[in-house]
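Have a look at the structure below, then the notes.
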Amino acid sequence: MHELEREARAARGNEALLRSVLENAPDFILRVTIDGTLLFLNRLVPGLTAEAAIGRSVLDFVAPESREIVLRTLEHVARTGEPGTYECKAIGPHGSMADYHTTVGPIREGGRVVALTLIGRDVSAQKATERALRESDEKLRLAIGATGVGTWSWDLKADVVSWDEALCRIFGVPCAPQSFDEFLALMHPDDRARVGAHVRRSAETGVYPDLEHRIVRPDGETRWLLGKASYVRDASGALVLLIGGTFDITDRKRFEEQLRHAQKMEAIGQLSAGIAHNFNNMLAVIVPSIEVDEALVRATVARTLRGAGYEVLEAADGEAALRVLCAQGDAIDLVLLDESMPALSGRGVLEGMRARRVDVPVIAWTAHVGLMDGARAVLNKPVTSAALLRTVRQVLDG
C-alpha cells in the first residue's frame, strides 16, 4: 500500500513538472495527428483561443507558401519515425505572420508512429536581423564597387591573406599572393624596399599610414596605387588582423604629371599671354569628390584656370552645382561639368539648368568618348592643361 502511494505521489510530481515545463516553455509545443490535426498546444498566441485551434489542421495556421514544406516534413516523420525540422511563416500575435523554426518528433505506441510533436520557436527577430544584415552587406558591396576600391585582409596569426575580385583586377592577377615575398614581387622594383619597410614598421607600431606606390602588372603595365588600412586587436590588445582598401590612382598621377609638364612649357608663353584676356570670365568647375583623388583633380583644374586669369567657383556634386548656378547663373560665363557625380549626374544638372532657364555654355568632363547632349564641347580624361585652357577659350570665344 505504501509503495502504491509513493508511486502515485511520484506520478503526480512528474505530471506537475511536465505541466510546469509546458506552461513556461518559450516555444510552442503541439501534439498533432499524423495528418496534422491539432490535439494539444501548450500556449496560444495573443488573439487566438483554444476553441478556435483544437481540431483544426496546423496547415490552417500556416502561410500558403509554407504549407508544402510543413506537409512534406510531417509525412516524412510519420513514415520513417525519424525527427525532422522545417522553417515556415505562420500566424503570430493578433493574426500577424511570423517566422517559425519547428522540430517534428514521432510519438510511438506499440512500435507504430501514432502522433507527432511539434516544437516551434518564433525566430522573426532573428530573421529580421539577418535580412537587415544582407541588405547592409549588399549596400556596402555596391558602394565599394562604385568607388572601384579593392579590399583585402591579412590574418596575422594564421598568416593568411584574402583579396576580393576588384583587387585582383587592379593587380592583374587571378588570385591573392600566397606569401609576403610574392606580394612584394608585384611591386615596382624602385618601390619594393619602401613598401616592405612600410608594412613591417606598421606591424611594429600598430598603425598603417596611407601609402602610395607603384606596381608592375603581369602584362608589364605600371600602375600607381593608394593603400589605406587599419589593424584589429584581440581582447589582450595583440594585433590579429589587418584590413584595408586599395585605390588605383594612375589617372590622377598621369594628370598631375601632364599638368606639371604643361605648366612648365606654358609658363612664359600661352598662360602669361592669356591672363589679361581672361580676367572678365567667371567659370564654374563641377567635379565630384566621392573618390580619393577627385577632390585633388578639381583643385588642380581650378588652380590651372585661376592661374590663367579666370575667376572660378567650385562645386563637389550635381546638387551643389545647381544651387551655385541658380544663385549666380547670370554672372557665370562657362560651366566645366563632370558627367558622373553622386546625388545628381552631369546630365541631370543639364536638365536642371534647362528647367530653370540657366543659359550658360557647358564643357563636359568625361571618361567616355562622345559629346554629352547639351554640352558645347567635351574633355576626355585625362586632359592636359593646354587642352583644358584651349577648349575653355574656344567655347568662350564661341
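Side notes on the structure shown:
- The one condition in (1) surrounded by 18 or more Cβ atoms within 10 Å (Cβ to Cβ); (2) at pLDDT 80 or above that D317 fails to fulfil: (2)
- Meets criteria (farther than 23 Å from V114 by Cα, in a helix (DSSP H, G or I) and modelled with pLDDT of 60 or more) for A52: yes
- Once the range 174-197 is narrowed to residues that are crowded, with 16+ Cβ neighbours inside 10 Å and under 29 Å from the mean Cα position of the chain (by Cα), the residue that is nearest to V149 (Cα to Cα) is A176.
- Restricting attention to the range 84-108, the residues that are farther than 20 Å from L59 by Cβ and at pLDDT 90 or above add up to 1.
- Among the residues examined, P46 qualifies as at pLDDT below 90 and surrounded by fewer than 12 Cβ atoms within 10 Å (Cβ to Cβ).
- Residue in the range 125-141 that is part of a strand (DSSP E or B), over 30 Å from F247 (Cα atoms) and free of Cβ contacts under 8 Å to residues at least 24 places away in the same chain present: no
- The single condition among (1) in a strand (DSSP E or B); (2) in contact with a helix residue (DSSP H, G or I) (Cβ under 8 Å, 6 or more places away or on another chain); (3) over 21 Å from G172 (Cβ atoms); (4) of a type outside the set (F, W, Y) that R223 does not meet is (3).
- So E221, is it closer than 30 Å to T304 by Cα, without any contact (Cβ under 8 Å) to a residue 60 or more places away in the chain and assigned by TED's automatic domain parsing to the domain that holds A308: no
- When we screen I286, I268, I243 for residues that are hydrophobic (A, V, I, L, M, F, W, C), at pLDDT below 80 and out of contact with any helix residue (DSSP H, G or I) (no Cβ under 9 Å at 6 or more places or on another chain), the only hit is I268.
The values are calculated or read from the model by the stated rules, or taken from the named source; none is laboratory data. Note that this is a predicted model, so its numbers are computed, not measured. With ideal geometry, Cβ positions are generated from the backbone for all residues, glycine too; neighbour counts draw on all protein chains shown.
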